[in-house]
1. Could you list, in sequence order, the residues of segment 191-219 that are within 11 Å of the ligand (Cβ to nearest atom) and over 18 Å from L363 (Cα atoms)?
2. Please pick out the residue among I173, I193, I165 that is closer than 20 Å to N49 by Cβ, in contact with a helix residue (DSSP H, G or I) (Cβ under 7 Å, 6 or more places away or on another chain) and touching a residue at least 12 places away in the same chain (Cβ under 8 Å).
3. Among the numbered criteria (1) more than 27 Å from E356 (Cα to Cα); (2) more than 16 Å from the ligand (Cβ to nearest atom), which one does D223 miss?
4. Is there a residue being at pLDDT 95 or above, small (G, A, S) and in contact with a Phe, Trp or Tyr (Cβ under 9 Å, 6 or more places away or on another chain) anywhere in segment 339-356?
5. Charged (D, E, K, R), open to solvent by 10 Å² or more (accessible area, probe 1.4 Å) and free of Cβ contacts under 8 Å to residues at least 24 places away in the same chain: does that describe K84?
6. Would you point out which residue out of D190, D208, D198 is within 16 Å of the chain's Cα centre (by Cα), surrounded by fewer than 23 Cβ atoms within 10 Å (Cβ to Cβ) and farther than 18 Å from A21 by Cβ?
7. Enumerate the pairs (first residue in segment 134-152 and among the acidic types (D, E); second residue anywhere and open to solvent by less than 20 Å² (accessible area, probe 1.4 Å) and in a loop (DSSP other than H, G, I, E, B)) with beta-carbon separation below 8 Å, excluding pairs fewer than 6 apart on the same chain, so at least 6 apart or on different chains.
8. List every residue pair whose Cβ atoms sit under 6 Å apart, with the two residues 6 or more apart in sequence or on different chains, where the first one lies in segment 45-61 and is over 19 Å from D158 (Cβ atoms) and the second, anywhere, is in a helix (DSSP H, G or I) and not β-branched (V, I, T).
Amino acid sequence: MAHFVIVTSMPQPIKFTHTVADRFLRYVVIDTQSDPASPTCPSTEKQKNLGRLLASELKAMGLRDAHLDEYGYVYATIPATTDKKVPVVCFCSHMDTSPDCPGKDVKPQIVRNYRGGDIVLPGDRTQVIRAAEHSALAEQIGNDIITTDGTTLLGADDKAGVAEIMDAAHFLINNPQIRHGTIKILFTPDEEIGRGVDKVDLNKLGADFAYTLDGSSPGDIEDETFSADGVTITVEGVSTHPGYAKGKMEHAIKIAAAIVDRLPKDTCSPETTDGQQGFLHPVGISGTLERATLGLIVRDFNDEGLKEKEALLENIVKGVMQDFPRSTYRLEISEQYRNMKRVIDRHPEIIDYALEAIRRAGLVPTKASIRGGTDGSRLSFMGLPCPNIFAGEHAIHSRLEWVSVQDMEKAMQTIVHLAMIWEERTSSPVIA
Ligand SMILES: [Zn+2]
């Protein structure tokens with residue numbers, strides 16, 4: 001007779017370490033700025049300096065397969081500590097920092113036991129993290145806040161995520177009594193220039209599900225991104241000598257300008273929308289009398305919304321063209337990326353377990369949407385469903401960037417709990 005072993009899942013108290021900030025401070029001083037103008041992968045060789053350090057730290061922890069590959073990706077495996085067939089879960093962060101703000105010679109400082117109020121950065125006193133403008137500071141009273149000296153960005157985006165994953169790996173390896181399935185670690189280059197998963201080897205990674213740690217406020221989990229299209233409108237006008245143009249000339253630049261002018265002004269633009277609303281947004285205009293090209297991006301959270309906005313745009317173009325009967329236009333739509341929710345919703349446990357892990361870390365989970373794209377959305381459509389968990393980073397891509405030590409510790413604990421929950425929720429092996 002077969003019988004089942006019932007495993008009761010009483011979450012036992014865990015004694016967590018407080019080493020994530022030390023790791024973070026080690027990583028942020030390494031310049032890993034990516035460069036959109038570079039054709040290579042990684043776009044900047046210096047990203048490998050951090051990659052090499054991470055691979056060697058992982059090796060020193062005992063992860064024998066830890067390595068940095070030629071494209072600047074770091075892979076490693078934490079072996080399972082259970083007999084159950086637990087899905088292989090990957091934790092992923094990016095190593096590069098934004099090209100929009102200096103990333104060399106980062107000098108981090110820690111404001112211990114933050115008492116509220118503005119934080120003046122010591123290397124450039126015009127740089128002030130104002131409590132009035134950074135509402136998330138109000139939740140950090142008593143915490144230790146890491147900033148720069150005001151001359152560079154901090155790189156908490158996404159070295160907070162890197163440090164949290166490294167610290168969770170170290171913790172799991174040193175606490176083998178904690179049961180979990182096989183865990184994969186992935187650190188990527190060039191996320192900030194939109195090329196973070198170009199050279200990732202998903203076969204080598206061998207994960208079933210993944211989580212990026214690259215979000216902001218403690219407790220946040222993001223399972224939704226924009227869906228995105230690009231539109232190019234090419235206008236062919238009618239050219240004549242300007243001295244003899246009366247009744248003949250149809251100016252392509254003016255036609256393109258008229259299209260931009262008729263775009264919705266009070267709705268449907270980045271500056272008038274938030275939350276779940278999408279928009280139409282011109283990103284480039286160039287031309288001559290004869291021919292002008294107008295580039296736009298279209299954003300929405302679903303395909304119908306994209307289609308509506310594209311139809312609205314085409315109606316505007318047709319309306320303008322009525323005033324220029326001998327001119328013509330061509331409108332081309334290209335897909336850029338799609339909302340990852342479509343993929344993630346097929347596996348509701350990915351989010352359910354993350355919400356539970358966040359709760360066990362002592363936080364209130366909040367589901368949020370990303371008004372942009374992520375590496376996770378691309379990974380999701382490449383076959384690796386990948387929502388985004390908070391890492392604690394704030395005011396990213398700026399000299400005012402900050403992160404709190406306590407938020408990073410909560411993110412690290414969330415990773416550990418998540419690894420345990422995937423094991424707990426996998427049905428027990430049948431004993432004959
Ligand atoms: Zn990031």
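The values are calculated or read from the model by the stated rules, or taken from the named source; none is laboratory data. Here the structure is a predicted model, which is why all the values come from computation and not from measurement. Counting neighbours? That spans all protein chains shown, and the Cβs are built from the backbone with ideal geometry, glycine included. All accessible areas refer to the heavy atoms of the entire protein, side chains included, with ligands and DNA or RNA removed. Shrake-Rupley method; radii C 1.70, N 1.55, O 1.52, S 1.80 Å.
1. Residues of segment 191-219 that are within 11 Å of the ligand (Cβ to nearest atom), as a first pass: 191-192, 196, 212-216.
Across segment 191-219, the qualifying residues are E191, E192, G196, T212.
2. Values: I173 fails: closer than 20 Å to N49 by Cβ; I193 fails: in contact with a helix residue (DSSP H, G or I) (Cβ under 7 Å, 6 or more places away or on another chain).
The conditions single out I165.
3. (1)
4. yes
5. Numbers: charged (D, E, K, R): yes; open to solvent by 10 Å² or more (accessible area, probe 1.4 Å): yes; free of Cβ contacts under 8 Å to residues at least 24 places away in the same chain: no.
In short, no.
6. Values: D190 fails: surrounded by fewer than 23 Cβ atoms within 10 Å (Cβ to Cβ); D208 fails: within 16 Å of the chain's Cα centre (by Cα).
Just a single option satisfies the conditions, and that option is D198.
7. As it stands, the answer is D144/Y114; D149/L121, since those pairs meet every condition given.
8. M61/H170
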